[in-house]
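Asks: Okay, handing you the structure first.
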Amino acid sequence: MLMTLSLGHRHNLPWVAIVDILKMQNAIYGKKKVLTSKLSFMNRLLENNRLEVRNHYFCDECSVYMAAAEPAVSSIVCEYCSTTINMAKSTIYFASISLESQLKELLADKQVAESILTYRFNRVKDSEENLEDIYDGSEYKQLSAPGGILAQPENFSFSFFVDGVTVGKTKKSMWPIYVTITELPPKERQKHMLLAGLYYGPHDPDQKVFLKPFVEEVNKLSSSGVSWFHDGRNVISKVIPLIAVVDSVARCQCMNMQTFSAFYGCTFCYQKTERTVKRLKFVIPSEPAKERTRESYERDVMKAYEKRFEVREEDQHYKGVKGPCSLARLNYFNLFTGFVVDYMHNILLGVTKTYFQLIFDCSRAKFWQNSDDAERFAMEDIMSQIDARLLSGMKPPTCISRTPRSLKDHGNWKANERRNWLLFYSIPCLEDILKKNIYIIYLSW
């Protein structure tokens with residue numbers, strides 16, 4: 001739907017044509033594939049003409065940023081390679097979508113507006129000592145203390161998500177920027193996500209360019225605010241960014257740093273990797289590594305700037321920093337505490353998957369009951385025994401969207417399937433099949 005909207009804006013299609021394209025997608029993929037309930041939402045947005053979308057173009061030859069689309073301009077000449085770019089036919093561009101217009105549309109819903117204004121103050125905690133939501137964190141408490149910007153009920157904050165996805169079987173990638181209002185109740189946050197930007201092209205975008213319109217608008221929202229009406233009165237809400245949720249690959253790109261596999265690949269500290277027989281790895285240091293800070297980052301940027309003319313590209317950095325990044329100019333956003341460790345990639349697709357592979361490795365026969373008899377032991381038999389419990393004995397509630405799949409298909413498990421295995425299925429499935437001492441170790445993990 002979002003790509004269709006960008007396509008319509010790019011070719012000046014009427015709203016009826018955009019809706020017809022969505023209906024065609026329903027006919028091709030089936031009603032369950034395309035969210036038909038979004039059609040009425042799309043119509044409402046488009047008829048009111050409140051959604052402001054602006055396309056930004058790159059050079060097809062050298063991928064340098066060209067300009068934002070203007071109604072009277074159909075082509076533009078690249079300053080670097082002199083290539084003439086036809087904006088209607090260009091395949092490298094991204095769309096910036098006005099957050100202000102989307103926020104006004106969202107705040108027009110009285111129930112949503114009331115939740116944003118009151119939920120954080122009226123929520124009931126299970127225990128005062130618990131960390132149950134973002135409001136319990138030290139950064140949020142500091143911003144919501146007397147005199148802080150979030151001490152005013154009309155001001156609120158958001159988290160944003162940036163990541164790349166492959167489009168179908170093509171080599172092209174799409175990068176959305178999603179925004180989630182943190183003052184909404186947890187169950188409502190995913191229902192009211194906003195799209196701030198969308199890139200589509202043959203390779204990953206230059207994050208300094210892609211994030212620039214987003215940073216400029218958010219800085220405007222945090223200083224001037226968004227004006228809206230509530231209970232008959234005009235309200236001006238200042239909106240600030242708190243955290244960014246990205247995986248380790250996207251985090252390095254957003255911060256304009258070397259990848260996590262480089263010598264200084266950690267974006268949080270100065271822990272250096274060491275070369276082993278196979279690859280670079282992080283080893284446990286004798287003393288904790290020094291943490292990166294805004295001040296140290298600025299020094300590293302200056303050092304990297306001095307090395308920008310080095311002959312080898314791998315030498316054009318300083319302690320992992322390749323140069324400045326757009327997010328460093330984002331007001332109220334801490335570049336190092338603002339990036340949080342991604343639960344899905346780190347825990348579910350990382351640690352949980354690795355732990356699963358360690359347990360079910362064929363060389364781990366000593367972990368299992370009756371494994372002393374080498375002739376009778378076979379990992380396939382163990383997995384079949386566990387499958388019998390997993391597929392027949394487990395009756396997940398409706399809140400778990402996916403039914404259990406066979407262990408033999410674990411290579412294709414999605415992140416939420418690994419979460420279900422970790423939190424719900426593994427303990428009853430492994431009981432009396434793993435040896436008792438190994439099972440106790442598993443429980444303590």
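Asks: Looking at this model, which pairs from LYS290/LYS319; LYS110/LYS187; LYS125/LYS187; LYS395/LYS436 are more than 21 angstrom apart at the alpha-carbon?
Replies: Details: LYS290/LYS319 12 Å; LYS110/LYS187 17 Å; LYS125/LYS187 15 Å; LYS395/LYS436 25 Å.
The pairs that break the limit, which is 21 Å between Cα atoms, are LYS395/LYS436.
Asks: How much length is gained if the chain between ASN412 and MET193 is pulled fully straight, taking 0.36 nm per residue apart and subtracting their Cα-Cα distance, in nm to one decimal? Could you put the intermediate results ahead of the total?
Replies: Details: separation 219, 0.36 × 219 = 78.84 nm, distance 2.78 nm.
Net length gain for the segment: 76.1 nm.
Asks: Could you state the principal axis extents of the C-alpha atoms in the range 56-122, from the largest down, to the nearest angstrom?
Replies: Each principal axis gives a Cα extent; for the range 56-122 these are 59, 23, 16 Å.
Asks: Applying the Karplus parametrisation 6.51 cos²θ - 1.76 cosθ + 1.60 with θ = phi - 60° to the phi angles of the range 285-297, what ³J(HN,Hα) value in whole Hz is obtained for each residue in order, glycine and proline being reported as x?
Replies: Values, residue by residue: x, 5, 10, x, 6, 6, 7, 6, 10, 4, 5, 5, 5 Hz.
Asks: Order these peptides, 434-443, 275-284, by their mean beta-carbon neighbour count within 10 angstrom, highest first. Spell out each step's value before the answer.
Replies: Values: 434-443: 14.0, 275-284: 8.8.
In decreasing order of mean packing, 434-443, 275-284 become 434-443, 275-284.
Asks: For the peptides 297-306, 206-215, what is the packing order when you average, over each peptide's residues, the other Cβ atoms within 10 Å and list the highest mean first?
Replies: Numbers: 297-306: 15.5, 206-215: 20.2.
Packing order, densest peptide first, comes out as 206-215, 297-306.
Asks: Let me ask you something else. What does the charge dipole of the chain about its Cα centre add up to, to the nearest 20 debye, if the Cβ of each Lys and Arg holds +1 and the Cβ of each Asp and Glu holds -1? It would help to have the intermediate numbers written out before the result.
Replies: Details: 58 positive and 51 negative charges, 138 e Å.
The calculated dipole for the chain is roughly 660 debye.
Asks: On to the next question. On a 30 Å Cα-Cα criterion, which of the cross-link pairs LYS191/LYS281; LYS104/LYS208; LYS278/LYS414 come out too long? Numbers along the way, then the final one.
Replies: Details: LYS191/LYS281 40 Å; LYS104/LYS208 27 Å; LYS278/LYS414 28 Å.
Checking Cα-Cα distances, LYS191/LYS281 exceed 30 Å.
Asks: To make sure I understand, if each residue's beta carbon is the centre and we count other beta carbons within 10 Å, what order do ARG294, ARG233, ARG54 fall in, fewest to most? Please list the in-between numbers first.
Replies: On the way: ARG294 11, ARG233 6, ARG54 15.
Taking fewest neighbouring Cβ atoms as first place, the list is ARG233, ARG294, ARG54.
Asks: For the range 104-214, just list the percent of Cα-Cα distances falling in each 5 Å bin from zero outward, please.
Replies: 2, 10, 17, 18, 16, 14, 10, 7, 5, 2, 0
Asks: Which semi-axes, in whole Å and largest first, does the equivalent ellipsoid of the range 95-162 have when worked out from the alpha carbon gyration tensor as the square roots of 5 times its eigenvalues? Intermediate values should be presented prior to the final figure.
Replies: Numbers: eigenvalues 118, 45, 33 Å².
Each semi-axis is the square root of five times an eigenvalue, giving 24, 15, 13 Å.
Asks: Now for a different question. How large is Rg over Rh for the chain, taking Rg from the Cα atoms and Rh as the Kirkwood inverse mean of 1/r across Cα pairs?
Replies: Values: Rg = 25.5 Å, Rh = 25.6 Å.
Ratio of gyration radius to Kirkwood radius: 1.00.
Asks: Can I ask one more? Long-range amide H contacts for VAL245: which residues qualify at under 5 Å (H placed 1.01 Å from N, peptide plane, sequence gap of 5 or more or a different chain)?
Replies: Long-range HN contacts for VAL245: PHE160, PHE161, VAL162.
Where a number appears in this text, it was derived from the coordinates with a stated rule and is not lab data. Here the structure is a predicted model, which is why all the values come from computation and not from measurement. Counting neighbours? That spans all protein chains shown, and the Cβs are built from the backbone with ideal geometry, glycine included.
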